[in-house]
Amino acid sequence: MYRKIWHKPLHCRKIKQWRHMPFFSKIIYYQQPFIDHLVNTWLEPLPFPTILKVLITFILAIFILLPVLYPAVIFIWSYAEVQYIIENHYDIAFPDKLNVLGYLHRLYAFRIANEKYNLFLVLYLERWRIVGTAIASTIDYIRLALCLVFSTQ
């Protein structure tokens, strides 16, 4: 019996396996190259800077989470459409916990009225951007020093 299955063409065996494979196993199968690339990115040799590693990690995390993010965005979008239709045609108000359109309106209408606070916020965020860059550069210099020390022996 096993001999018969083994001598089938490879694609027939894979199709049969693929049909019985659970949905999450299929997702993991397609996400493996992204995870391998993520691991290889962090194991890159020295000239590859840490800032680029963080950026590539962020982009790869989006691709890895795409099977979760895409249905969630579609669900929220369709819920917002249904909410819009119900509010405009039937004059039914949604409670605050279920009001997606209200949250979006507050998000896009948000303005900081106090100019001094706005300037403080911009400077505070700029400070943390500089601190993050300094930490990444320090890590790169430490990696360089360790590489030079251990390569000369």
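Points worth noting:
- Over the chain: helical MRE at 222 nm, DSSP H runs n ≥ 4 each giving -39500 (n - 2.57), nearest 500: -28000 deg cm²/dmol
- Shown in residue order for segment 88-103 are the 3J(HN,Hα) couplings computed by the Karplus curve 6.51 cos²θ - 1.76 cosθ + 1.60 at θ = phi - 60°: 7, 9, 10, 6, 9, 8, 7, x, 4, 6, 10, 8, 5, 5, x, 5 Hz (x for Gly and Pro).
- Per-pair calculated FRET efficiency, R0 = 35 Å: Ala113 and Leu55 via Cβ, rounded to 0.05: 0.55
- Summed side-chain charge close to Thr57 - residues other than Thr57 whose Cβ falls under 15 Å, Lys, Arg +1, Asp, Glu -1: -1
- Hz values of 3J(HN,Hα) by residue in segment 138-147 - Karplus curve (6.51, -1.76, 1.60), Gly and Pro given as x: 4, 4, 5, 5, 5, 4, 4, 5, 5, 5
- Gain in span if fully extended, Phe48 to Ile85, counting 0.36 nm per residue against the direct Cα distance: 8.2 nm
- Added length on full extension, which subtracts the Cα-Cα distance from 0.36 nm per residue, Trp77 to Leu125: 14.2 nm
- Note that segment 57-73 has calculated 3J(HN,Hα) couplings of 4, 4, 5, 5, 5, 5, 5, 5, 8, 4, x, 8, 5, 4, x, 5, 5 Hz, one per residue in order, obtained from phi through the Karplus relation 6.51 cos²θ - 1.76 cosθ + 1.60 (θ = phi - 60°); glycine and proline are x.
- The count of lysine pairs in the chain with alpha-carbon distances below 16 Å, taking only pairs 8 or more places apart or on different chains, stands at 5.
- Read-out P(r) over Cα pairs in 5 Å bins from 0, in percent, derived from the coordinates shown; its label in (1) 2, 9, 18, 22, 20, 15, 9, 4, 1, 0; (2) 1, 6, 8, 9, 9, 10, 12, 12, 10, 8, 6, 4, 3, 1, 1, 0; (3) 2, 8, 14, 14, 11, 10, 9, 9, 7, 6, 5, 3, 2, 1, 0: (2)
- Footprinting exposure proxy ranking of Glu87, Glu126, fewest other C-beta atoms within 10 angstrom first, gives Glu126, Glu87.
Since every read-out is calculated from the coordinates, none of them should be taken as a lab result. Because the structure is predicted, anything quoted here is derived from the model rather than measured. All Cβ positions, even for glycine, are placed from backbone atoms using ideal geometry, and neighbour counts span all protein chains on display.
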